[in-house]
Amino acid sequence: MQYPVALQTQTLSTPSTPEPHTPTPENEPKVIKITNCKILRDHKIVEHDAIWIQGGKIIDPHKFFWYQKRLPDTVLDAGGLLVVPGFIEAQINGAFGVDFSVPSDSETYEKDLLKVNRGLLKYGTTSYCPTIVSSSASVYHKVLSHLKPRAGSATVGATMLGAHVEGPFINEARIGAHELKVLQASAKNGYADFKDVYGLEGETPAEQRKLSKEDQNSVKIITCAPELEGIMDSIPDLVEAGITVSVGHSMANISQAEDAVRKGATFITHLFNAMPQFHHRDPGVIGLLGSRPDLPRPYYGLICDGIHVHPNSVKIAYDSHPEGVILVTDAMSAMGLAPGNYQLGNMNVTKEEDRVYIEGTDTLAGSVITLDACVRNFMQFASCTLTEALEAVTLHPAVLLGIQETKGVIKPGADADLVFLSDDLFVKRVFVAGEEVELDSIDVRVTEKF
């Protein structure tokens, strides 16, 4: 996969034509310089470098000094930690006792969103797509209005990028934990059917794309099954509407899967899960990892908890298409809770350290892994480099979502969303929009046990 030109290594240079120096206005944002750190930059770990921040953005220190002729206001010693872009989560159903797919009154839903937005920062996630499982139109119309893109901060938590709607245009043969009665068996009317189900505000794909550019589009990703009637022909319109199309919960054969990619699909939802097993004569959706060079291979999500996907399968996927991996948690509302018994939605569940069961059974109720743990597991499972593991939660999801100029990278102009990691890849410090988060002050405890 060819990285966009904007992400290829660039050398910072001094401006060719100096401008007259002017005194710094009193209201000029303060400048922070982060030193004594290792930095993930330009596809490698850079040592003996620094990060300069002003006004919530990463700035070019050469231009700053050249034009403003002053030193930083604050110098922060990172203590030798590794500083990387904030993690980006493309699929998470809930956390800390909150389920995004369960409607409530507006005040309660917003309060719950704030809890998740802040809580995710503890694990390095500074941007995410709240994910809604297959639901009725009435549910989408009620909750999606709360999930439009909104900026993050050290106070309000992670940036919301827009929702990932996982269904209901999926194949009932690969329903997973979704509810059968709310599925849509077809999209005979194309874009109009998606508009009606999700409550999209744009009457046409072009109008919806305009809303997307204005950060008013609540739907960022749609997971659908391309083999269903009308779905394949709808993909170009969904892409035109500014929506990332993902293939998932599907029985598509390899021909149908490749057609979906030709039409504009760029992602595979939780690879290996909710799709046919690999077969040598027809590898189905999984076979997209081995597509011909003339067909762009899509990105693919991997749940690296060692439960949903065997470590050997993780390595097979990585070896096949290392530049396409995006680590996701696909976590449900028990993520982040202490071990114990809880009532979550309409389920009584038992949460253990790394998994959650429906109470009294051995049936998994979903994933509870955190994104930083996915990174640690992925390095172990795939035997990949540190850079590759980190780009699977930074650069790759940013490119998938078309936000690589501001998220997922450390370069001038990007948002100053930063995660400070120890050598064993545990989160030690977090910055959102250039402001440090007080991680110890984040309280996401849930006491509603049964």
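The values are calculated or read from the model by the stated rules, or taken from the named source; none is laboratory data. Not measured: the values here are computed from a predicted model. Quick reminder, even Gly has a Cβ in these numbers, built from the backbone with ideal geometry, and neighbours come from all protein chains shown. Heavy atoms of the whole protein, side chains included, go into the accessibility calculation; ligands, DNA and RNA do not. Shrake-Rupley method; radii C 1.70, N 1.55, O 1.52, S 1.80 Å.
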**OP:** Determine whether Gln54 is touching a Pro at 6+ places or on another chain (Cβ under 7 Å), at pLDDT 95 or above and either among the polar types (S, T, N, Q) or open to solvent by 60 Å² or more (accessible area, probe 1.4 Å) (or both).
**Re:** yes
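To keep it simple, each residue is scored yes or no on (1) more than 21 Å from Gln91 (Cβ to Cβ); (2) hydroxyl-bearing (Ser, Thr, Tyr); (3) open to solvent by 30 Å² or more (accessible area, probe 1.4 Å).
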residue	(1), (2), (3)
Asp319	yes, no, yes
Val325	no, no, no
Ser333	no, yes, no
Arg355	no, no, yes
Leu371	no, no, no
Ala382	no, no, no
Leu386	yes, no, yes
Original post:
Just to be sure, is Asp362 at negative phi, free of Cβ contacts under 8 Å to residues at least 12 places away in the same chain and either in a loop (DSSP other than H, G, I, E, B) or open to solvent by less than 10 Å² (accessible area, probe 1.4 Å) (or both)?
Top reply: yes
Subject >> Residue count for the stretch 153-206, restricted to those that are modelled with pLDDT under 95, surrounded by 15 or more Cβ atoms within 10 Å (Cβ to Cβ) and among the small types (Gly, Ala, Ser) >> reply: 2
Original post:
Based on what the data block shows, is Gly301 closer than 14 Å to Met251 by Cβ and touching a Phe, Trp or Tyr at 6+ places or on another chain (Cβ under 9 Å)?
Top reply: no
Subject >> From the options Asn312, Asn273, residue that is open to solvent by less than 50 Å² (accessible area, probe 1.4 Å) and either small (Gly, Ala, Ser) or over 22 Å from Ile243 (Cα atoms) (or both) >> reply: Asn273
**OP:** Return the residue satisfying two criteria in turn: it lies in the stretch 138-149 and is touching a residue at least 40 places away in the same chain (Cβ under 8 Å) and open to solvent by 40 Å² or more (accessible area, probe 1.4 Å), and of such residues it is nearest to Glu438 (Cα to Cα).
**Re:** Lys148
Subject >> Positions within the stretch 386-417 being among the aliphatic types (A, V, I, L, M) and not in a loop (DSSP other than H, G, I, E, B), in sequence order >> reply: Leu386, Ala389, Leu390, Leu395, Ala398, Val399, Leu400, Leu401
Subject >> Set Thr17, Thr35: member being open to solvent by less than 60 Å² (accessible area, probe 1.4 Å) and either out of contact with any helix residue (DSSP H, G or I) (no Cβ under 8 Å at 6 or more places or on another chain) or modelled with pLDDT under 95 (or both) >> reply: Thr35
**OP:** Report, ordered by the first and then the second residue, all pairs with beta carbons closer than 7 Å, sequence separation of six or more or different chains, a first member in the stretch 150-164 that is among the basic types (Lys, Arg), and a second member that is open to solvent by less than 10 Å² (accessible area, probe 1.4 Å).
**Re:** Arg150/Met160
Original post:
Among the residues of the stretch 293-306, is any crowded, with 16+ Cβ neighbours inside 10 Å, β-branched (Val, Ile, Thr), farther than 25 Å from Ser383 by Cα and in contact with a helix residue (DSSP H, G or I) (Cβ under 9 Å, 6 or more places away or on another chain)?
Top reply: no
Original post:
Among the residues of the stretch 418-445 satisfying the criterion of being in a loop (DSSP other than H, G, I, E, B) and charged (D, E, K, R), which is most open to solvent (accessible area, probe 1.4 Å)?
Top reply: Arg445
Subject >> strands (runs of 3 or more DSSP E) within the stretch 272-353 that include 2 or more residues modelled with pLDDT of 95 or more >> reply: 299-303, 325-328
